[in-house]
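Colleague: My questions all concern the structure below.
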Amino acid sequence: DINWPGMYLTYSVDVELAHLEVIALTYSQVIMESDITTLQMQQESTQVLTAFNILREMVSCWYADALSGSGNAPAGDYLLQHVFRWLKSKNSLLYDPALYRFVLQLVKKSFTMLLQRMLKLGSRIVFANFQRVVINTPKVSVVEAQSYLKFLTSAVQQDNLLLQRLQLTPVAYYTTLTWMDRMNHIMYKVDMTDQDPDSDVSEGPFLPEKQFALGRYFPGDVSDRMEGSILLFMTAITNFKDELLKAEQSKPQADQCSRDAFIAACEKYMKQYVDKHLQQRLMNDVEKMITVPGARYSMEKRPGSALLTEDTPLEYVKGICHVLSLYPAMTSCVSTMKGNLLKLVGLKAFDRDAKFVDPAVASFCLSDVACSFCNNVMDIDLVCDDRFAPNREWACIVCQQPFSRDLIEAHLVDQLGLFLMAYQVQDLKCMKCKQVKADYLQTYCSCSGEYQTKTSPQQMIDKIRNILQIAEYHSLQWLQEVSAWALQATGSESVVGES
């Protein structure tokens, strides 16, 4: 995943990508010619060249059948939907690790070409993976944003034969967007319930949309208050921006303010709102939490909670100020407010405990999980996503068909084994010149520097301990046994049951 946290006042668009893997396979020659291939790809191509040529020719025939509209079109489309799952599934007869790795490199190269082209055309990438791209446009109205997206799609597909066949479908338009990561974002999107996405989209009404995994580490009331405060701030900004835009559009075009002046007016209002309204609301919340007995020691226990302190008011201040400071122009204003709030909990702004630590670094995400029913590929977050909570049935996000917990647990055990193997066979690197050790007998590098592993033993222990906590959280006994054995084999004193 590519993730760029921030707060965006201009329109953002959520774009869905379709059949990126099939396009990369079909037009692999274009990808190879448009970029200098790495040594690794050259080595892989010599090993899997025969198999890959057969696969490419087969997929190209399926793709041609799917586009032809003939009687073979449904069969070709069905086969294309499943080919990537067959490539990566160990139970498939088409599975070959070298072939899958080579195809994945082609997909990454085509994906990189798409993002580079978008950046050259003035877009900012907020979030991107193989299934979707969230881009921030330089436009302040939805009509301009829609026109810009049409121009962007046309320009991207015009200069590259590979990207001509790639389908870019707008899913949602966001007038304001606060983005930490794919599990922590709050935005206001244009209500397109009664509107056709292919026709002109009207300005408003706006609907709030939020996913705030950070709040789940707090007690229920505190979490609701935290989300409510951020949403209240976003609501005020969205309403002010909408009123200002309507006022400017009612003027003659020659008298309308520029985009920079529009953004400056929004920034000024944001600072005033924080100083006059939001700061007092947060101070009241912190004072209430301090006076309630036991409020300081009621943080939720879940994977990653060990990175947080047991002081609920302190973590509340750190979390909400971190979200508000995602907009660069708000840094000074939010820093002042954070200092005032920290005084209430007995800390100074530069104390060590006053630094925000994101507990989501302890999350574990399974990428490219394919649903066997609808064949949609998705990422599964076993820590932050409530749709995969311990007390819920795990199901596909699209078709709601249940996933096999045993199959996902086996995949997790396999991932742990691959991580342990990668740690054992990793290269040694010189601490001074950063060169990889080329022989076995030399104790020191030729530059007199000492060698060290790329992944330190402590990093390995932290990774295994995190997987063990996830196994305990979801009651995955097999994964729990394997991770506990691996942790004990490292000599760590941590055992099962420790959070």
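Colleague: Take Glu33 and decide whether it is at pLDDT 85 or above, exposed (fewer than 13 other Cβ atoms within 10 Å of the Cβ) and more than 27 Å from Asp14 (Cβ to Cβ).
Modeller: Spelling it out, it is not the case that Glu33 is at pLDDT 85 or above, exposed (fewer than 13 other Cβ atoms within 10 Å of the Cβ) and more than 27 Å from Asp14 (Cβ to Cβ).
Colleague: Return yes when Phe403 is out of contact with any Phe, Trp or Tyr (no Cβ under 6 Å at 6 or more places or on another chain) and not hydroxyl-bearing (Ser, Thr, Tyr) and no when it is not.
Modeller: no
Colleague: Go through Leu177, Leu207, Leu232 for me and flag whichever is under 28 Å from Arg281 (Cβ atoms) and in a helix (DSSP H, G or I).
Modeller: When all the criteria are applied, what remains is Leu232.
Colleague: Further question: All but one of (1) modelled with pLDDT under 90; (2) closer than 20 Å to Glu227 by Cα hold for Met337; state the number of the condition that does not hold.
Modeller: Only one criterion is unmet by Met337, namely (1).
Colleague: For region 351-358, state whether one or more residues are surrounded by 18 or more Cβ atoms within 10 Å (Cβ to Cβ), farther than 28 Å from Phe84 by Cα, of a type in the set (Phe, Trp, Tyr) and in contact (Cβ under 8 Å) with a residue 12 or more places away in the chain.
Modeller: no
For every residue, the table says whether it meets (1) of a type in the set (A, V, I, L, M); (2) part of a strand (DSSP E or B); (3) within 23 Å of Val22 (Cα to Cα); (4) open to solvent by 60 Å² or more (accessible area, probe 1.4 Å).
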position: Val107; (1), (2), (3), (4): yes, no, yes, no
position: Phe111; (1), (2), (3), (4): no, no, yes, no
position: Gln116; (1), (2), (3), (4): no, no, yes, yes
position: Leu119; (1), (2), (3), (4): yes, no, no, yes
position: Lys139; (1), (2), (3), (4): no, no, no, yes
position: Ser147; (1), (2), (3), (4): no, no, no, yes
position: Ser154; (1), (2), (3), (4): no, no, yes, yes
position: Val171; (1), (2), (3), (4): yes, yes, yes, yes
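Colleague: If you scan region 210-229, which residues turn out to be part of a helix (DSSP H, G or I), in contact (Cβ under 8 Å) with a residue 12 or more places away in the chain and over 22 Å from the mean Cα position of the chain (by Cα)?
Modeller: Val222, Arg225, Ser229
Colleague: Another question, if that's okay. Any residue at all in region 427-435 that is among the hydrophobic types (A, V, I, L, M, F, W, C) and open to solvent by less than 30 Å² (accessible area, probe 1.4 Å)?
Modeller: yes
Colleague: Scan region 390-408 for residues that are exposed (fewer than 14 other Cβ atoms within 10 Å of the Cβ) and either under 23 Å from the mean Cα position of the chain (by Cα) or not in a strand (DSSP E or B) (or both) and report the count.
Modeller: 11
The values are calculated or read from the model by the stated rules, or taken from the named source; none is laboratory data. Note that the coordinates shown come from a computational prediction; the quantities given were computed from them, not determined experimentally. All Cβ positions, even for glycine, are placed from backbone atoms using ideal geometry, and neighbour counts span all protein chains on display. Only protein heavy atoms, including side chains, enter the accessible area calculation; ligands, DNA and RNA are left aside. Shrake-Rupley method; radii C 1.70, N 1.55, O 1.52, S 1.80 Å.
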